[in-house]
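A short worksheet on the structure shown next.
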Amino acid sequence: MTTVAFTPATEARFAVARHVADAVLFEGYVLYPYRASAAKNRLRWQFGVLVPPSWSAAAEEHDFQLTECLMEPRTGAELAVEVRFLRAQRRTVEELRRDGTFAPTGELRLPDRVLVAWDEGVEERVTLVVPVAELRGDGVVLPFTRPAAEETEEVTDADGRVLGRLVRRREEIGGAVRISAAELDGPYGVERLSLTVENTSTWTAEPDTDRHAALPYSLVATHTLLRLDGGAFLSMTDPPEWARGAVAACRNLHTWPVLAGEPGRDDLMLSSPIILDDHPAIAPESPGALYDATEIDEILALRTAALTDEEKREARGTDARAAAVIELADTMPPEVLERLHGAVRSLQSVTGTPKPGGDILEPETPWWDPGGDTGVDPGSDHVLVDGRAVRAGSRVVLRPRLRRTDAQDLFLDGRSALVEAVLHDVDGGVHIAVTVEDDPGADIRREQGRFLYFQPDEVEALEDM
C-alpha cells in the first residue's frame, strides 16, 4: 500500500472539506501586521505540531495524534484518508558581494519589498485508500518520508541585475499513519475507527536544543480528512442516544474529529487540532485567507490597509502569503469591506427569496429593514412636539436634561440641531435622529448614518428659517 491519487468522486468530496481544513492548516501561519519583525510572528506554528520523538521528551509538545471515531460502513466500503501538514522551510537571505560571492545578510531592500529570513510553510499530504475490511485486527501502517532539499532563487532589480539570492532549506522528515477498526458489541453494526499520525524522525535533539531547531523536523498543523464511500460516520459531538456510551469510550489525543462538508451529510470527517463544531464552514462574507482566524476579518482588513508604506514593504518581503494579504486589503472594493461588518445568521429564514416548491413565501426585504414596512418612512414621517410637526429637515433645540442618560448631555443642552429622520421602533416608541448644527463633523455623521437620538419630550421645536 502506497500513497495514492483519489478518484474524482472522492477528490470532489474532500475539496468540500478542504476549505475549512485550509483555515486550520494555516491558522496562525503569519499574524497581523504580517511582518517577520513583529514580536508575535516570532513564536509560530502553535497548533497540531508533531515534534520529533527526541524533542517531545524534553518539551510540552507531542510526537503523535490519535483520532478515534465511530462509523457504520456498508459491505465493501472503502475508507479514503488524507493527512495534511506543513513543513517549516527555512529561508535565509544572501547578498551578492563585489567579488561575485554570496554572503548572509540581515535584509535585502528592494523598491517594493524588504526580504528577511523567514520560515515558510510547505504543504504536504499523505493519502491512502483502503477497504474497511482490511482495517480489522492489526489494521494497516503507511510509513512516509520527505527528503531533505535545498533551493536557491536569485533576487534581481528592475533591470535584471542580480542583487542577492534566497536560500531555502528543507530537512528530512519521517512519519507513519496507523489505522485500524474494531466492531463493537451490539445490534447496530458500528465500528470504532482508530487513526494515529506520528512523527518518526530520527533527528536527535541536543541537551540545549530549542524549539526553533526542532521545527524543521516537525509535522506542523497536522490534521486528517476521512471519507467513507459507503456508509456513514457518527457525530462525536452530538451522537444518537444509543451511541453515547461508545462515543464516550473513544480516545482523542491532541485532535478532535467532527463531521465535515454540507449539513445533512455524514460521509466526511475532519480531525483537527483546533476544536470545531460539526459541519464547520467559512463565513461566505470572508474575502480571502488572512491567516489569523481567531480575529475578525473586518478588523484585520482595516488595520492592514492602515499600515504605512514601509510596513507594507516589509510584509510583502516576509512571505508570498503575507504579500497576498497586503494586496487583498489594498484592493478590496468598498462593497466587499461593507459585507464584513456583520451578519445575523438567525434571520436567514426570513430574508431570502422564495424557494421553488416551498410552502413558505419568504420576503425580499427583511423585517428589520425600514423598507420592509411601507407604513413607515423615516425620511417623511413626523411627530408632534408642543403641537408642531417635527420631521426630517426641521430644526429643534436639544433638552436632554429630562433624562441625562449620557455625560455628553451636559454639553448638548440648549444646542440647536437638524432633524435627519423620525423613526418608530417595534415597541411603538418614537426616536428623533439629529445632527448638531455647529458640529464640524456633521457631514461625515450624515454620510455614515451615525446620528444622535432623542425622544420627543427631549427637544423643542424651532420656527423654520
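The values are calculated or read from the model by the stated rules, or taken from the named source; none is laboratory data. In this text the structure is predicted, and so the values were computed from the model without any measurement. For neighbour counting, all protein chains shown are included, and Cβ atoms are generated from backbone atoms with ideal geometry for every residue, glycine included. When the accessible area is computed, the model is the full protein with side chains, heavy atoms only, and any ligands, DNA or RNA have been set aside. Shrake-Rupley method; radii C 1.70, N 1.55, O 1.52, S 1.80 Å.
Calculate what fraction, in whole %, of the accessible area of the chain sits on carbon and sulfur atoms when a 1.4 Å probe is rolled over the protein chains.
Values: 12490 of 24490 Å².
Roughly 51 percent, rounded to a whole number.
In debye, nearest 20, what is the charge dipole magnitude of the chain about its Cα centre with +1 on Lys and Arg Cβ and -1 on Asp and Glu Cβ, if you could check? Please report the intermediate quantities before stating the final value.
On the way: 49 positive and 82 negative charges, 245 e Å.
Value, rounded to 20: 1180 debye.
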In degrees, nearest ten, helix 309-318 long axis to first principal axis of the chain (Cα):
20
Say R0 is 45 Å: what FRET efficiency, to the nearest 0.05, do THR204 and GLU298 get from their beta-carbon distance?
0.45
Over the Cα atoms, compute the radius of gyration (one decimal) and Dmax (the largest Cα-Cα distance, rounded to a whole number) for segment 213-253, in Å.
15.7, 48
When the Karplus curve 6.51 cos²θ - 1.76 cosθ + 1.60 is applied with θ = phi - 60°, which whole-Hz ³J(HN,Hα) does each residue of segment 146-160 get, with x for Gly and Pro?
10, x, 5, 7, 9, 10, 10, 9, 6, 10, 10, 8, 4, 8, x
Short version: what are the Cα gyration tensor semi-axes of segment 207-355, square root of 5 times each eigenvalue, largest first, in whole Å?
35, 28, 12
Of the listed values (i) 1.07; (ii) 0.94; (iii) 1.10, identify the label whose number matches Rg/Rh (Cα atoms, Kirkwood Rh) calculated from this model.
(iii)
Taking the full set of protein chains and a 1.4 angstrom probe, give the accessible area of HIS279 in square angstrom, rounded to the nearest 10.
40
Residue farthest toward the positive end of the dipole of the chain, with Cβ of Lys/Arg at +1 and Asp/Glu at -1: which of SER380, GLY414, ALA15?
ALA15
If you count only protein heavy atoms and use a 1.4 Å probe, how large is the accessible surface of TYR217, to the nearest 10 Å²?
40
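Find the relative contact order for the chain and round it to a whole percent, using C-alpha pairs within less than 8 Å whose residues are 6+ positions apart. Mind showing how you got there, number by number?
Working: 933 pairs, mean separation 76.5, N = 465.
RCO, the chain: 16 percent.
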Give me the accessible area of ASP381, 1.4 Å probe, in Å² rounded to the nearest 10.
30
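Ordering HIS431, HIS223, HIS62 by accessible area with a probe of 1.4 Å, largest first, what comes out? Don't skip to the answer; put the middle values down first.
Numbers: HIS431 55, HIS223 0, HIS62 75 Å².
Per-residue accessible area, sorted high to low, gives HIS62, HIS431, HIS223.
Expressed in nm to one decimal, what extension gain is obtained for the pair ASP99 and HIS382 from 0.36 nm per residue of sequence separation less their Cα-Cα distance?
The span from ASP99 to HIS382 would gain 93.6 nm if fully extended.
Where the only charges are on Cβ atoms (+1 Lys, Arg; -1 Asp, Glu), what is the dipole of segment 131-228 about its Cα centre, to the nearest 20 debye?
Using only the charged Cβ atoms, the result is roughly 220 debye.
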Just reorder ARG244, ARG109 by solvent-accessible area, largest first, 1.4 Å probe, all chains present.
ARG109, ARG244
So, with points 7 Å from each Cα along the Cβ direction, the GLU262-GLU241 label distance in nm works out to 3.0
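What is segment 135-176's relative contact order, in percent, from Cα pairs under 8 angstrom and six or more apart in sequence? Could you put the intermediate results ahead of the total?
Details: 56 pairs, mean separation 19.6, N = 42.
The normalised contact order for segment 135-176 reaches 47 percent.
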Could you please put TYR291, TYR453 in sequence from largest to smallest accessible area, using a 1.4 Å probe?
TYR453, TYR291
Length added when fully stretched, ASP330-VAL162, from 0.36 nm per residue minus Cα-Cα
57.6 nm
Between helix 320-331 and the chain, what is the angle of the helix's C-alpha long axis to the longest principal axis, kept within 0 to 90° and rounded to the nearest 10?
20
Quick check: the angle from helix 8-25's long axis to the longest principal axis of the chain, C-alpha only, nearest 10 degrees?
70
Under the rule of at least 5 residues apart or a separate chain, name every residue whose amide H is placed under 5 Å from the amide H of GLU172.
ALA148
Just to check, using Stokes-Einstein with a Kirkwood Rh over alpha carbon pairs, what's the diffusion coefficient of segment 131-194 at 25 °C and 0.890 mPa s in µm²/s?
150
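Suppose all protein chains stay in the model; what accessible area per residue would a 1.4 Å probe give for segment 1-86, in Å²? Intermediate results must be reported in sequence, preceding the final value.
Details: 3570 Å² over 86 residues.
In whole numbers, segment 1-86 has 42 Å² accessible per residue.
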For the chain, the charge dipole (Cβ of Lys, Arg +1; Cβ of Asp, Glu -1; about the Cα centre) points to a positive end, and the Cα of ALA176, VAL426, GLY28 closest to that extreme belongs to ALA176
In terms of the charge dipole of the chain, which places +1 on Lys and Arg and -1 on Asp and Glu at the beta carbon, the residue among THR237, ALA158, MET332 farthest towards the positive end is ALA158
Once both labels are modelled 7 Å past Cα along the beta-carbon direction, what's the ILE275-ALA407 spacing in nm?
3.9
